[in-house]
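For reference, the structure is listed below as structure tokens.
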Amino acid sequence: MFAMDLTLSECTRIKLKLTKLAQQGQMGELSALLDAIQAADVSGKLQNIRDSKIGVVIKKLAEWKDPGVAKQASQLMQSWRSMASAKGGAKAE
């Protein structure tokens, strides 16, 4: 998968894609998208993550029925929170 640039519009697009994949029960694609998000460079992008509200969807996925997806989403949220805390900046929710 290509490297993601987490612009505000891209975060919003990803949020919609995550929601659609979850509603359709496409766990493989959902997992792959979460992997791509985790691999993305979020340096300087926490405000975009916050403004797009993608964290709301990721947080719901952290409680998802599929344990693999839930674990990935939980790790992603943890990573974003750690970065936000370290920077003293925007919360990733």
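The values are calculated or read from the model by the stated rules, or taken from the named source; none is laboratory data. Every value quoted in this text rests on a predicted model; they were computed, and no experiment measured them. Ideal geometry is used to build each Cβ from the backbone, glycine not excepted, and the neighbour counts take in all protein chains shown. Only protein heavy atoms, including side chains, enter the accessible area calculation; ligands, DNA and RNA are left aside. Shrake-Rupley method; radii C 1.70, N 1.55, O 1.52, S 1.80 Å.
Looking only at the range 75-87, which residues are open to solvent by 70 Å² or more (accessible area, probe 1.4 Å) and modelled with pLDDT under 90?
Within the range 75-87, the first condition is being open to solvent by 70 Å² or more (accessible area, probe 1.4 Å), and the residues that meet it are 75, 78, 81, 85-87.
Within the range 75-87, Ser85, Ala86, Lys87 meet the criteria.
Pick from the range 2-23 the residues that are more than 13 Å from Asp41 (Cα to Cα) and aliphatic (A, V, I, L, M): which of them is surrounded by the fewest Cβ atoms within 10 Å (Cβ to Cβ)?
Ranking the qualifying residues of the range 2-23, first place goes to Leu16.
Restricting to the range 24-45, and then to whatever is acidic (Asp, Glu) and touching a residue at least 24 places away in the same chain (Cβ under 8 Å), can you tell me which residue is surrounded by the most Cβ atoms within 10 Å (Cβ to Cβ)?
In this case the residue turns out to be Asp35.
Under 8 Å by Cβ, and 6 or more places apart or on different chains, what pairs join a residue from the range 49-65 that is under 14 Å from Leu33 (Cβ atoms) and open to solvent by less than 10 Å² (accessible area, probe 1.4 Å) with one that is in a helix (DSSP H, G or I) and hydroxyl-bearing (Ser, Thr, Tyr)?
Here the result reads Ile54/Thr12, each pair linking the range 49-65 to a residue that is in a helix (DSSP H, G or I) and hydroxyl-bearing (Ser, Thr, Tyr).
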